[in-house]
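Single-structure report; data block below.
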Amino acid sequence: MTVQTLTNAILILLLICWVGYRQLTWRPVSIATMWRFPAILAVVGLVTIVQQVKPSSLTPLDIAVVVGEIVLSLAVGAWMGAIAQFRRLEAPLRLGKDARYVATYESRTGVLGMVLWIVVIAVRIGVDVLASAAGSHLATATGVIFLVFAANRAARTAVFAARLDRHAALAA
């Protein structure tokens, strides 16, 4: 087992636990703060890829595998956003140290959200193994893990935002 493989396994395990916990519990919803996590993951992913992969070594297989993974991750993230349950908070909840952000709803995706999250991870591992066997080096890069998860969380947040806009319009 290489250091990169061990790093990938640890990252995947930490993300499964952290996001899994968040899928199963009611969490206050602030769309502005929800965009931070995917943005940070995307930046870290891109920086990591730039450091690990030389552009001259990229093949069409590398690009196809990564694009396919990201598209699948976006689709599952949108599905997670669509199945999320919302409930109105009794009183608005101020979030953060400076209380700039206010949540009026809380949400969770429940067991189905957890199952979808595990599917994203399983597909990521399967693609990593198959693409590596086929000669793709980009698919095994740690930065791709960050990009795939960023895409998932971004799609989920976008669907959350659209759904909450509809909730607000109906409540008005």
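Within the range 87-117, none of the chymotrypsin sites (Phe, Trp or Tyr not before Pro) combine a DSSP coil assignment with at most 12 other C-beta atoms in a 10 angstrom radius.
Both numbers refer to the Cα atoms of the chain; Rg and Dmax are 17.6, 57 Å.
Per residue, the accessible area of the chain comes to 56 Å² when a 1.4 Å probe rolls over the protein heavy atoms. log10 I(q)/I(0), Debye, Cα-only the range 107-152, no solvent, q = 0.18, 0.21, 0.22, 0.32 Å⁻¹? After summing over all Cα pairs, the log10 values are -0.58, -0.72, -0.77, -1.13.
The value of relative contact order for the chain, using C-alpha pairs under 8 Å at least six residues apart, is 41 percent.
Farthest towards the positive end of the charge dipole of the range 104-172, among the residues Leu164, Val123, Leu112, is the Cα of Leu164, using unit charges on the Cβ of Lys, Arg, Asp and Glu. Label sites at Leu93 and Glu106, each approximated as a point 7 angstrom past Cα along Cα to Cβ, lie 0.4 nm apart. Taking a Cβ cut-off of under 14 Å around Leu11, the surrounding Lys, Arg, Asp and Glu residues balance to a net charge of 0, with basic ones at +1 and acidic ones at -1.
Centre-to-centre, using Cα atoms only, the range 125-154 and the range 10-24 are separated by 17 Å. Measuring nothing but protein heavy atoms, the accessible surface of the range 8-51 at 1.4 Å probe radius is 76 percent carbon and sulfur.
Among 108-114, 58-64, 140-146, sorting by the average number of other beta carbon atoms lying within 10 angstrom of each residue, highest first, gives 140-146, 108-114, 58-64. Computed from the Cβ-Cβ distance with R0 of 25 Å, the FRET efficiency linking Thr59 to Thr7 stands at 0.60.
Each Lys and Arg adds +1 at its Cβ and each Asp and Glu adds -1 at its Cβ; summed about the Cα centre, the chain shows a dipole of about 560 debye.
The values are calculated or read from the model by the stated rules, or taken from the named source; none is laboratory data. Here the structure is a predicted model, which means the values were calculated and not measured. In this analysis, Cβ positions are derived from the backbone assuming ideal geometry, glycine residues included, and neighbour counts consider all displayed protein chains. These area figures cover heavy atoms from the full protein model, side chains too; ligands, DNA and RNA do not enter into them. Shrake-Rupley method; radii C 1.70, N 1.55, O 1.52, S 1.80 Å.
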